[in-house]
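Working notes, beginning with the structure itself.
The values are calculated or read from the model by the stated rules, or taken from the named source; none is laboratory data. What you see is a predicted model; the values in this text were computed from it and never measured. Methodologically, a virtual Cβ is constructed for each residue, glycine included, from the backbone with ideal geometry; neighbour enumeration extends over all protein chains shown. The protein model used for the area step is the full one, side chains on, heavy atoms only, and it has no ligands, DNA or RNA in it. Shrake-Rupley method; radii C 1.70, N 1.55, O 1.52, S 1.80 Å.
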Amino acid sequence: MTALQVSHVSKSFPGVRALHDVSMTMTAGSVHALLGENGAGKSTLIKIVTGIYKPDSGTVSMNGATVRFANPRQAAAGGLGVVHQERNLVTRFSVGENILLDRLGNRALSLVDYASLHREAEKWLKLLDLDVDPRTIVSRLSVAQMQLVEIGKALSLQSRVLLLDEPTASLTPNESTVLFRILRRLRDDGVAIGFVSHKLEEVFDICDRVTVLRDGRNACDSADLSQLDRGDVVQMMIGRAERITTRAPRPRTDAAPYLELRGYGSGAGHRDINLTVRPGEIVGLYGLVGAGRSELARAILGLSKQIAGEVRVLGRAVRITSVAQALHDHGIGYVSEDRKAEGLILMHSVLANGGITIWRKLANALGLLRDTTIAARVGPVLKRLELKTPSVHQIIGNLSGGNQQKVSVAKWLAAGVRLLIIDEPSVGIDIKTKAYLHDLIHELAEQGTAILLITSDMPEMIDVADRILVMDSYRIKGEVENDRSYDPVSRAIMGLIHERAAA
Amino acid sequence: MAAIRDSALTRAFDNDWIGPGLVSLIAVVAISMAQPAFLSSFNIFVLMSAISVNMVIALGQLVIIGLGQMNLALGSIGGLVAISFVGVIERYGVPVPLALAFALGIGIAAGMSSGYIIARTMISAFIITLAGLQIFKGINLGITEAQPFYGVPEAVKTFGQASVIGPLPWLMVPMMICAFAMWYVFNRMRIGRHILAMGSNPHAAELSGIDPKATIIWAHAISGLLAAIAGLMLVARLQIGQPTIGDDWLISSFAAPVIGGAVLTGGRVSVAGTFFGVVIIAIITQGLVMFNIDPFVVQIVLGALILWAVAVNRLREVRIARVQARGAGA
Amino acid sequence: MAHAGADRPIPPGSAPRRMSSGMRLLLGNEFGLAVLILLTAATFALTLDGFTSPFSVYTIGRQIGIDTMIGLAMMAVIVTGGLDLSVGAIGVCSAMLFGWLMQVMGVPVLVAVPLAVLFGASLGFVNGFTVVMSGVHSFIITLASMSIFFGVMIFLTKAAAFNGLPPQVQAFGKMRVLPGISPLLLITVAVCAALVVFYRYSTLGRQMLAAGANARAAELSGIRTGRVIVACHMLTGLLAAIAGLMVTARTGAAVPSMAGQLGQDWLLPAFLAPVLGGTLLSGGRVSVIGTLLGATFINIMTSGLLLMRVGEFWILAFLGMMLLIAVLADRTRQIFLTSRGMI
């Protein structure tokens, strides 16, 4: 029985076509995987289904009737439960109250009947095998328990369709096993479950059907997963059987390290980190969400305290305590993964964003500087990156994701950094710009810039990095030399990550 | 997964009112030892009258703090209500119960209108209530031309001066009703829980099906009602309809909740803590008077108390976050 | 404590369009205000006797100078997305120090002025430092500091005014540079020019805008956001002190009550002028000229209404309505422009 059907949905954003004629059919009593690389359109699709975005064309229907939810609240009331990646609980409230937050009473001044509320909540907790007193304050639960509470909350709304966005991202393997057992039971009870994940093992473990998105289109629409193997799915996700890299492995450089961490520990929780990046070298830092990679980048920039080991820049022991110091004294730049929140100042112009790193350098004795001075320095870089903008005075929030990303790289190039840390460079940008950025990273390395590349996108990692450090639980688990052969390298990487689970 | 149950002890330590409660107790003991007149029944009467009015004022701000907003117009609503109450009695001879209903209605309407604009436009509560402050104050002065109304009925005057038993003033009665009601609202009523949920995590609250607009309007309406009650209590206490009522509420309305452990970003409030916050402020003010210290020092002490309370709350939040991080890691 | 437009979504689906600079000017706050000012001024001049009298023009201009300065003081901290409730207290404290230095210590005027202004900046430093160190919103910090600053000042001065200032001070306040123009207005115009240059051409000014628009992005781009925010508060203190001195010159005495209880009377002009002028409360964008125009508009309206014999108390309520209308109009304009993909 069809529980949720997405038919021919298209959606465009300024400069980007996010979804093009996408369809998906979820049936009751089945677990449906929604797969795709970063930027393939999964999250846009979820946002359309839950009413956050309106589709430009196409329809969404539940149980055969077309639905148009105006917001996630309506979607929830209509029987569509979503468990988002970020936690959406009121942590100071009890478990029971969180589950039934919208049913505390009929009127604003109704009294809350806690006894029956907790009794009701207990039912859902039992269903989820969660041995927690419903009176427990949520902030005292573990992340996995909070996740189950959110599932309980979605189910308590009589949801017959449940979407889970990367539910295992912050769970241990044991916790994931528990979650899967529960999901199977819900499936057997006739719930249609949508499952978004990056981990293919899990998908094959639990899902029956699969929809793969690539570049905003269906690579497959609700295919039977038992007819497919891992290779088929990967092929659909990345568009070819084995990633044929256009790049030959680069000769190993033996230049003196630009940045060296020895036995480094940070206040963010990193322990025993050993890492070197040499000029002209592209070092990849791979790991799952929550492994502590971006946090390591921030720690290097001085945003977390160094509590152990040493940091050396060009062989000299240093202690970096602020980004300003990292940039101006040590030539280190950082392209953030979260372009909108911390990479760019969206309400300011292209020029203001591109030149922000060099204002200090360009100012005259009075601390004054002019747009023309900045443009003289930033302009050539923007030109080199082939930035498409009506003018450098354009507000950057109006540019496409790819062009925004170019500016967030450009500001570091303008500053002439010697070490560039690039965090998830291709999130939310189109394929062409992505390829262009990969070329650019190589070009920078050829010119002697040291590069530390953080990405969860395996093909990107294998296409770009020279050698790959694998990180898990805030430690470096090992190193993989990258010879650009997709299967052996990716297997080696996954092996290092899962060592913990096996141990 | 292990079962987690909160022990009574953990809950007690999590309470916001124990710290300020102890401080109040120590302050009372210390001052009365140095100055026995502090515990004279006259002094207790004066002290309790001040505490009663200030508690209702603080509760009016506490609702909005719970929501993660602020209400600068609290005092001007109280002032407008006070002069309207006495005004309609003096000029039009309206009977007291009717005037009372009218005055409370003004308070609710004033609060609701700021709430409506904030909910509708999502412009910051600060700027909307700043405009409200000016508008209500302007209307107040426009009506009174800065002259007080003297026609306060005898019943109201008596209410403001009489004691229930011993040194305890009648004014304590409305205060205690308000305090218990607000405790009930925050802990047992849907609207109160929704206000706190909005204050702690607006995104989660909205996804859970809470109507943010209605919640904001309700909170401001309750705040307006409490401001009105406080304004009327001041009329009873001062025995005249002063247009300046409410002018000096701003600082103390924030100080007491913050001393009582409220977090200004919302979601965490304590009625009992706020009460002790009010008590601490009253004792210090009264103490300064008893020791013949310049009353303006009160301003300095109030400011310092706010900073101290903010620092304490901040430290506590940091410590809780650290404990939780450790718990999650284990 | 979210401020206006803190997370205004840019609706996807609206393609960005190029907007000509002429269009931008027409839709800008400054242009609309300028038109409004001309219209109201013309209406009042034609209908009200005495509106254009030299005395009326002179006093309106002088008051515009003072209100603009108060507005600029608040604007300097609104840039960060914060606010400073203690502007009035800082202004009065600096003015009282100014009076004390001259009357009690016999310090010459030209020395007392920079000392008082620096004192204002240092009070601003105290605010900024506390805000940055504690990580608590500036609202509650400056609420406390306004109480402390004002309390200490009253305690030290025993609430008595300094009436025996050197005659130059009062003469300056009553002087007419050109017929009908107060030097106080000229000071304000000069400060406006300096601030325009500061926000447009100086490193620190640009850093303030960047830190205000998106503190995390600014920090990750190598800006020492903490220091920049402290600098914003210092600038606020400095401008508030100048405003305090201007009021002292106008009255000819340093009076503790010149900004009302705790300096609260300054709050309305402090927010009204920048908000009318198009400064975003969420930070990251300022309009110096807009603030000047905002203060101008308020004072023209106020004077007109006074001449029409509207009671001065009702004008308070009217100004509150103006603030409300200004933020509502601003919100409507933003929604309109966003829906057209113009910003």
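Observations on the model:
- According to the Kirkwood relation over distinct C-alpha pairs, the hydrodynamic radius of region A:392-503 is 15.5 Å.
- In the frame of its principal axes, region B:32-97 has Cα extents of 49, 39, 17 Å, reported largest first.
- Counting Cβ atoms of other protein chains within 10 Å of each Cβ in A:337-349 and taking the mean gives 5.
- Buried accessible area, chains A and B (both chains, 1.4 Å probe, Å² to nearest 100): 3200
- Estimated D of chain C in µm² per second, where Rh is the Kirkwood radius over Cα pairs and Stokes-Einstein applies at 37 °C, 0.692 mPa s: 158
- Choice from C:VAL169, C:VAL87, C:VAL288 showing the highest fluctuation, given a GNM over chain C with Cα pairs closer than 10 Å: C:VAL169
- If you look at the Cα atoms of region B:194-295, you get an Rg and a Dmax of 17.2, 56 Å.
- 3J(HN,Hα) from dihedral phi, region C:226-240, Karplus parametrisation 6.51/-1.76/1.60, rounded to Hz, x for glycine, proline: x, 4, 5, 5, 4, 4, 4, 5, 5, 4, 4, x, 4, 5, 4
- Computed log₁₀ I(q)/I(0) - Debye formula, equal Cα scatterers, no solvent, chain B, q 0.07, 0.08, 0.13, 0.15 Å⁻¹: -0.30, -0.39, -1.00, -1.28
- A full extension of the chain between A:SER57 and A:GLN447 corresponds to an added length of 135.7 nm, given 0.36 nm per residue minus the alpha carbon distance.
- Here is how the number arises for the protein assembly as shown: DSSP H runs of 4 or more residues each give -39500 (n - 2.57), the sum is divided by the residue count, and the result at 222 nm is -18500 deg cm²/dmol.
- Per residue, the convex hull volume that the Cα atoms of region A:396-450 enclose (Å³): 72
- Evaluated on chain A, the Kirkwood hydrodynamic radius is 24.7 Å, with distances taken between all distinct Cα atoms.
- Distance between the pseudo-spin-label points of C:LEU118 and B:ALA311 (7 Å out from Cα toward the beta carbon): 2.8 nm.
- With R₀ set to 60 Å, the beta-carbon distance separating A:ALA115 from B:ASN292 gives a calculated FRET efficiency near 0.60.
- Efficiency of FRET from Cβ geometry, C:ARG333 and C:LEU38, R₀ 22 Å, rounded to 0.05: 0.65
- For region A:185-336, fraction of C-alpha pairs farther apart than 20 Å, in %: 64
- Long-range HN-HN contacts of C:ALA254 with modeled amide H, under 5 Å: C:PHE162
- Label-to-label distance, nm, for residues given as A:ARG467 and A:ASN274 (7 Å Cα→Cβ offset): 1.1
- Region C:214-321: radius of gyration over Cα atoms, expressed as a fraction of 2.2 N^0.38 Å: 1.32
- Computing Rg and the Kirkwood Rh from the Cα coordinates of region C:101-202 gives a ratio, Rg/Rh, of 1.05.
- Using the Karplus relation 6.51 cos²θ - 1.76 cosθ + 1.60 with θ = phi - 60°, the per-residue 3J(HN,Hα) values for region C:270-277 come to 4, 8, 4, 4, x, 5, 4, x Hz, with x marking Gly and Pro.
- In the protein assembly as shown, the alpha-carbon atoms span a convex hull of 190 Å³ per residue.
- Given +1 at the Cβ of Lys and Arg, -1 at the Cβ of Asp and Glu and no other charges, the dipole of chain A around its Cα centre is 1360 debye to the nearest 20.
- Paramagnetic reach from A:SER7 in region A:58-80 [backbone N under 11 Å; point 7 Å along Cα→Cβ]: A:58-62, A:64-67
- Coupling constants for region B:283-296 follow from the phi torsions by the Karplus curve (6.51 cos²θ - 1.76 cosθ + 1.60, θ = phi - 60°), and in residue order they are 4, 5, 4, 5, x, 4, 5, 5, 8, 6, 9, 2, x, 5 Hz; glycine and proline get x.
- Once you divide the Cα radius of gyration of region C:26-99 by 2.2 N^0.38 Å, the number left is 1.48.
- The value of relative contact order for region C:60-336, using C-alpha pairs under 8 Å at least six residues apart, is 36 percent.
- Bridging of A:LYS340 to lysines at a Cα separation below 21 Å is possible for A:LYS11, A:LYS42, A:LYS47, A:LYS388, A:LYS406, A:LYS411, A:LYS432, A:LYS434, once same-chain residues fewer than 8 apart are set aside.
- Scaled radius of gyration (Cα, divided by 2.2 N^0.38 Å) that region B:99-206 gives: 1.42
- Residues whose amide H lies under 5 Å from that of A:ASN218, counting only those 5 or more places away or on a different chain, are A:SER23; hydrogens are built 1.01 Å from N in the peptide plane.
- Amide H partners (placed H, <5 Å) of B:ARG268, local residues excluded: B:VAL263
- Share of pairwise Cα separations in region A:285-421, more than 22 Å, in percent: 43
- Calculated SAXS-style log₁₀ I(q)/I(0) at q = 0.13 Å⁻¹ - region B:193-238, Debye, Cα scatterers: -0.40
- The calculated FRET efficiency for A:ASP371 paired with A:ALA70, based on their beta-carbon distance and R0 = 45 Å, is about 0.55.
- Shielding by other protein chains, C:155-161, mean Cβ within 10 Å: 2
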